[in-house]
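What follows is a single structure, written as structure tokens, with notes after it.
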Amino acid sequence: MELKDIIKEENIVYKKSKLILDNVMHYCPGCSHGVIHKLIAEVIDEMDIQEKTIGVSPVGCSVFAYNYIDIDWQEAAHGRAPAVGTAIKRLLPEKFVFTYQGDGDLASIGAAEILHACNRGEDIVCIFVNNAIYGMTGGQMAPTTLVGMKTATTPYGRDVELNGYPMKMTELVAQLPGTCYVTRQSVETAAAVRKTKKAIRKAFENQKEKRGTSFIEVVSTCNSGWKVDPVKANKWMQDHMFKFYQLGDLKDATKPEGSEYEQYIKE
Amino acid sequence: MMGELRLMKGNEVIAEAAIRAGVDGYFGYPITPQSEVMETLMLRKPWEETGMVVLQAESEVASINMVYGGAACGKMVMTSSSSPGFSLMQEGMSYLAGAELPCVVVNVVRGGPGLGTIQPSQADYFQAVKGGGHGDYHAIVLAPNSVQEMNDFVTLAFDLAFKYRTPAVILSDGAIGQMMEKVVLNDFVPRRTEEQIRKQCGDWCTIGSKNHRVVTSLELDSSVMEKRNIELLKKYAEIQKEVLFEEYMVDDADYLFVAFGLASRICKKAIEMARAKGHKVGLIRPITLYPFPTKVIHDRGIKTKGILCVEMNAGQMIEDVKLAVECKVPVEWAGRYGGIIPSPDEILEAFETKIIGG
Ligand SMILES: Cc1ncc(C[n+]2csc(CCOP(=O)(O)OP(=O)(O)O)c2C)c(N)n1
Ligand code: SF4
């Protein structure tokens with residue numbers, strides 16, 4: 001069989017979502033942001049809600065998320081995406097609204113906005129990319145930086161006495177009655193990518209059913225900020241980040257018996 | 001037909017006028033002396049009547065960013081606050097101006113700085129008219145001096161905000177927010193449908209489309225950013241034609257008072273007293289503080305022997321008055337600060353010592 005016989009429409013097993021625009025992505029090679037964008041675009045495309053979706057992009061490396069997914073977007077101030085998303089959804093209840101934020105954006109300057117939007121149970125999807133560092137501003141400590149991790153502002157490693165403890169936002173928002181679905185995923189392997197996509201799909205379905213806030217943390221790497229190559233970054237994340245930020249569903253109101261995590265903490 | 005006549009508080013009127021103007025959303029956070037705005041809205045349940053969204057946000061930071069989200073959908077959205085809250089809103093004001101979004105922000109000013117006092121003041125003049133947040137921008141600023149104008153300026157502020165796609169501020173003070181006066185209310189205007197919004201807003205509103213619309217104030221390329229600044233400056237030049245002011249007894253005036261808001265009403269009393277003593281004093285009241293009525297103050301002002309700028313602050317608008325008359329005539333300040341309202345006697349005395357005597 002010749003190559004031209006293979007390259008045929010009916011043989012396509014995977015292709016770029018038509019909602020991913022052709023703009024060249026500005027992310028570092030190996031960065032998780034691009035993969036997560038792709039998944040969001042696929043879900044919106046598959047649900048056929050392009051014309052009904054409004055994204056709210058953050059401040060941080062993904063500040064230009066709006067250049068890559070072909071929907072309407074609003075660019076929010078640092079940390080304020082949940083407030084912006086709240087208003088969009090309240091004023092346009094039939095539309096789909098999601099926010100996209102990094103850990104510095106969501107857990108630091110925007111801690112109040114995310115907690116209150118989740119607590120009010122705003123019918124939005126919140127995507128939280130936790131790479132344990134401030135990527136854009138050059139690798140400073142984030143609220144999620146692990147103890148001992150070296151960053152530009154913790155050059156000797158994060159010291160609890162000096163810098164406090166890393167913050168588990170996902171555990172926090174899972175406590176809030178307004179959230180209906182809270183999960184922690186990753187995108188470093190094909191299997192993980194598939195699970196994260198399922199989670200994003202579920203979150204958008206929740207919004208369709210007006211169930212409350214869906215919150216998806218994606219534990220990620222920032223190889224540039226961490227100053228390692230992408231392969232090492234993935235390995236380090238698997239060995240260290242996953243220990244502290246355990247993957248899996250923390251809350252799932254669509255399951256009457258609760259998520260595995262909820263069952264676990266009940267026992 | 002004359003509209004409905006009622007006796008109402010300034011703050012209550014803001015709420016009533018918003019419902020009647022077909023406002024889509026109000027996002028606020030309580031602070032004295034303006035909390036009645038949201039309280040009135042909550043009591044009235046406009047969501048049942050017009051579908052208007054009313055939400056108590058977790059902070060002023062959140063409320064102004066909610067305003068940003070709603071404004072970017074082409075909706076008529078507003079918030080209200082008082083000085084410390086207005087300070088917190090400056091982040092959002094700058095983003096709204098940068099993204100060229102229309103909205104209305106009511107600041108019922110109290111004395112400061114800091115937590116200050118809950119008594120009326122005009123000490124947020126600089127913050128309101130000079131930008132307030134970061135970057136080169138202005139908001140349109142309207143200064144009511146009566147409960148009736150609290151009503152009238154809600155519609156006017158929205159009209160101007162949408163005409164120029166820019167935030168508009170209603171800068172009143174605690175006294176006008178709290179005082180009760182007769183007010184003629186507007187007739188009800190229905191909220192716009194999604195179709196009407198799409199038509200009115202053209203291609204900038206993000207309410208879901210296939211056209212990849214993006215609302216943002218970000219531009220990393222400085223040469224493009226400079227162009228955006230130039231566009232904004234052109235807009236601010238256009239806005240200059242929206243100047244509004246009131247003149248009172250100016251035709252034969254040897255002297256001028258310049259005052260806005262509540263201070264302008266006190267000046268009228270002081271003018272009466274001054275004229276009884278034979279001093280020909282008139283008043284120019286800027287109604288729009290931005291755009292500032294520079295030309296009329298210049299043209300009238302340079303023909304007088306002196307100008308007294310009366311403010312409930314330590315002298316902020318006086319800088320714009322001095323610029324207007326290019327310092328060709330003496331300009332002096334009178335007033336009180338810290339939440340105290342000056343009396344007509346005090347103003348008259350200041351006029352006699354600083355302008356006549358000086
Ligand atoms: C009010 C404000 N403060 C600070 C900044 C600077 N700033 C830009 S991005 C950023 C951190 C973003 O980190 P994160 O949310 O973790 O995103 P990442 O870049 O890692 O994807 C900061 C502090 C800003 N833009 N606005
Ligand atoms: S700095 Fe980090 S978060 Fe930013 S693009 Fe590079 S890898 Fe991604």
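Values quoted throughout were computed directly from the atomic coordinates according to the rules given, and no laboratory measurement underlies them. What you see is a predicted model; the values in this text were computed from it and never measured. Neighbour counts are summed over all protein chains in view; Cβ atoms, including those assigned to glycine, are modelled from backbone coordinates with ideal geometry.
Numbers below:
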| read-out | value |
| --- | --- |
| Hits in the range A:54-72 - residues which are within 14 Å of ligand 1 (Cβ to nearest atom), assigned to a helix (DSSP H, G or I) and facing another protein chain (nearest Cβ under 9 Å) | A:63, A:64 |
| The one condition in (1) away from ligand 1 (no atom under 16 Å from the Cβ); (2) without any contact (Cβ under 8 Å) to a residue 40 or more places away in the chain; (3) acidic (Asp, Glu); (4) in contact with a Ser or Thr (Cβ under 8 Å, 6 or more places away or on another chain) that residue A:75 fails to fulfil | (1) |
| Selection from the range A:141-155 of residues that are more than 7 Å from ligand 1 (Cβ to nearest atom), touching a strand residue (DSSP E or B) at 6+ places or on another chain (Cβ under 7 Å) and closer than 30 Å to residue A:87 by Cβ | A:144 |
| So residue B:197, is it surrounded by 12 or more Cβ atoms within 10 Å (Cβ to Cβ), within 14 Å of chain A (Cβ to nearest Cβ), part of a helix (DSSP H, G or I) and β-branched (Val, Ile, Thr) | yes |
| Filter result (more than 16 Å from ligand 1 (Cβ to nearest atom) and of a type in the set (A, V, I, L, M)) within the range A:3-33 | A:3, A:6, A:7, A:12, A:13, A:19, A:20, A:21, A:24 |
| Lone unmet requirement of (1) part of a helix (DSSP H, G or I); (2) more than 14 Å from ligand 1 (Cβ to nearest atom); (3) surrounded by fewer than 24 Cβ atoms within 10 Å (Cβ to Cβ) for residue A:86 | (3) |
| Which listed residue, of A:36, A:44, is within 16 Å of ligand 1 (Cβ to nearest atom) and either of a type in the set (A, V, I, L, M) or under 14 Å from residue B:208 (Cα atoms) (or both) | A:36 |
| Residue in the range A:99-120 that is farther than 28 Å from residue B:76 by Cβ and assigned to a loop (DSSP other than H, G, I, E, B) present | no |
| Boolean, residue B:324 is over 26 Å from residue B:174 (Cβ atoms), small (Gly, Ala, Ser) and in contact with a helix residue (DSSP H, G or I) (Cβ under 7 Å, 6 or more places away or on another chain) | yes |
| Residue in the range A:110-134 that is farthest from residue B:65 (Cα to Cα), counting only those that are in contact with a Leu (Cβ under 7 Å, 6 or more places away or on another chain) and within 12 Å of ligand 1 (Cβ to nearest atom) | A:132 |
| Sole exception among (1) within 16 Å of ligand 2 (Cβ to nearest atom); (2) surrounded by fewer than 24 Cβ atoms within 10 Å (Cβ to Cβ) for residue A:112, by number | (1) |
| Residue in the range B:124-134 that is within 14 Å of chain A (Cβ to nearest Cβ) and either surrounded by fewer than 24 Cβ atoms within 10 Å (Cβ to Cβ) or over 23 Å from residue B:266 (Cα atoms) (or both) present | yes |
| Among the candidates A:67, A:119, A:131, residue that is within 21 Å of residue A:187 (Cβ to Cβ) and surrounded by fewer than 24 Cβ atoms within 10 Å (Cβ to Cβ) | A:67 |
| Breaking point among (1) in contact with a Ser or Thr (Cβ under 7 Å, 6 or more places away or on another chain); (2) within 14 Å of chain A (Cβ to nearest Cβ), for residue B:173 | (2) |
| Unmet criterion (only one of (1) in contact with a helix residue (DSSP H, G or I) (Cβ under 9 Å, 6 or more places away or on another chain); (2) more than 27 Å from residue B:187 (Cα to Cα)) for residue B:94 | (1) |
| Residues of the range A:100-109 that turn out to be of a type outside the set (A, V, I, L, M, F, W, C), near ligand 1 (Cβ under 9 Å from one of its atoms) and either more than 19 Å from residue B:91 (Cα to Cα) or over 15 Å from the mean Cα position of the chain (by Cα) (or both), as a count | 3 |
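One line per residue, one yes/no per condition, for (1) at the interface with chain A (Cβ under 10 Å from one of its Cβ atoms); (2) in a helix (DSSP H, G or I); (3) small (Gly, Ala, Ser):
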position	(1), (2), (3)
B:43	no, yes, no
B:48	no, yes, no
B:51	yes, no, yes
B:61	yes, yes, no
B:67	yes, yes, no
B:74	yes, no, yes
B:84	no, yes, no
B:95	yes, yes, no
B:101	yes, no, no
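Quick grid of which residues meet (1) crowded, with 22+ Cβ neighbours inside 10 Å; (2) assigned to a loop (DSSP other than H, G, I, E, B); (3) small (Gly, Ala, Ser):
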site	(1), (2), (3)
A:177	no, yes, no
A:191	no, no, yes
A:196	yes, no, no
A:211	no, yes, no
A:233	yes, no, yes
A:250	yes, no, no
A:258	no, yes, yes
